[in-house]
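The values are calculated or read from the model by the stated rules, or taken from the named source; none is laboratory data. All values reported here derive from a predicted model rather than from experimental measurement. Quick reminder, even Gly has a Cβ in these numbers, built from the backbone with ideal geometry, and neighbours come from all protein chains shown.
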Amino acid sequence: MPEKDLLYNVTNHIARITINRETYRNSISAAAVALFMEYLDMAEKDDAVRVICITGAGKKAFCSGADLGGAMSAEGDDKNQAFHDYARLLKRLSGYSKPTVARINGYCLAGGTGFMLACDIVIAKNDAKFGTPEVNVGLFPMMIGALIFKNVLKKKAMEMVLLGEKLGASQAQEMGLITRAVVPEKLDETVDAVLAILASKSPVGIKIGKEAFYAIQDMPFEESLDFLSEKLAEVASTQDAIEGITAFIEKRKPVFTGK
């Protein structure tokens, strides 16, 4: 049987989702989008999973965007459905309850930029290339733009989407597109270290915290403080918070259970 367009495995509380279309520079297919949603649902329901890592197969590309020979060649309702499914996936990923890390192992272009920006932390090889080249083929980075404008200052964002040029990792980091850039031989070491740290945290504390931060994005300042004070009381009442404080006093590592 042929391999799936997307791979999924769980080890040490870490779920790894890999775009598995190396021959096509890990361009995203309709099948991959559907599997992405399925795997995110699986990971969210699995108490053994505490963090998600998203990457691409091979060493050349994280994701080069949509499969132009697939979704873009569809017509009418099928094409519209493909666009809606991609938008739904970006919403699902950007509001995900567990921490997400993007491991950028090469080119990250067009739709791949959306996956990257929807993650909490982005670690890239320092020779990776980024960009939104849609304008070069008569398109425009529509859904991706919603995430770009949440991460990048307006003038830099407009330069990026209007020129359609490729950016280096140092430029991407300076603009706020990625968290950090590392030499290629340190990528796995760095990503694995970050994943291990995230997996060691309280799952329920992170869940409540992330949901709270999503909720306050459009709140007035005073209202957000009142809301967050209530959320702090909520997280402080969890068993994990009690265990964490007890462990701190006893000078030992906490044992979090997600309750």
| message | Against the definition (in the same structural domain as His13 (by TED's automatic domain parsing), touching a helix residue (DSSP H, G or I) at 6+ places or on another chain (Cβ under 8 Å), over 27 Å from Gln217 (Cα atoms) and not β-branched (Val, Ile, Thr)), how does Asn105 come out, yes or no? | response | yes
| note | Residues of segment 92-128 being of a type in the set (Lys, Arg) and crowded, with 24+ Cβ neighbours inside 10 Å, in sequence order, are Arg103
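For (1) touching a residue at least 60 places away in the same chain (Cβ under 8 Å); (2) within 28 Å of Phe256 (Cα to Cα), each residue gets a yes or a no:
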| site | (1), (2) |
| --- | --- |
| Ile54 | yes, yes |
| Asp67 | no, no |
| Asp78 | no, no |
| Ser94 | no, yes |
| Cys108 | no, no |
| Ile121 | yes, yes |
| Asp127 | no, no |
| field | Pick from segment 79-100, criterion in contact with a helix residue (DSSP H, G or I) (Cβ under 8 Å, 6 or more places away or on another chain) and over 23 Å from Arg25 (Cβ atoms), ranking: modelled with the lowest pLDDT | value | Gly95
| Restricting attention to segment 74-116, which residues are aromatic (Phe, Trp, Tyr), under 14 Å from the mean Cα position of the chain (by Cα) and outside any helix (DSSP H, G or I)? | Tyr96
| strands (runs of 3 or more DSSP E) within segment 1-69 that include 2 or more residues closer than 22 Å to Ile123 by Cα, in contact with a Gly (Cβ under 9 Å, 6 or more places away or on another chain) and in the same structural domain as Lys129 (by TED's automatic domain parsing) | 14-19, 61-63
| note | Residue count, segment 247-259, condition surrounded by 12 or more Cβ atoms within 10 Å (Cβ to Cβ) and more than 12 Å from Val204 (Cα to Cα), comes to 2
| message | Give me the helices (runs of 4 or more DSSP H) completely within segment 139-246, filtered to those with at least 3 residues that are more than 19 Å from the chain's Cα centre (by Cα) and under 17 Å from Lys129 (Cβ atoms), ordered by residue number. | response | 154-163
| query | If you scan segment 37-78, which residues turn out to be surrounded by 18 or more Cβ atoms within 10 Å (Cβ to Cβ), modelled with pLDDT under 95 and under 26 Å from Asp188 (Cβ atoms)? | reply | Ser64, Gly65
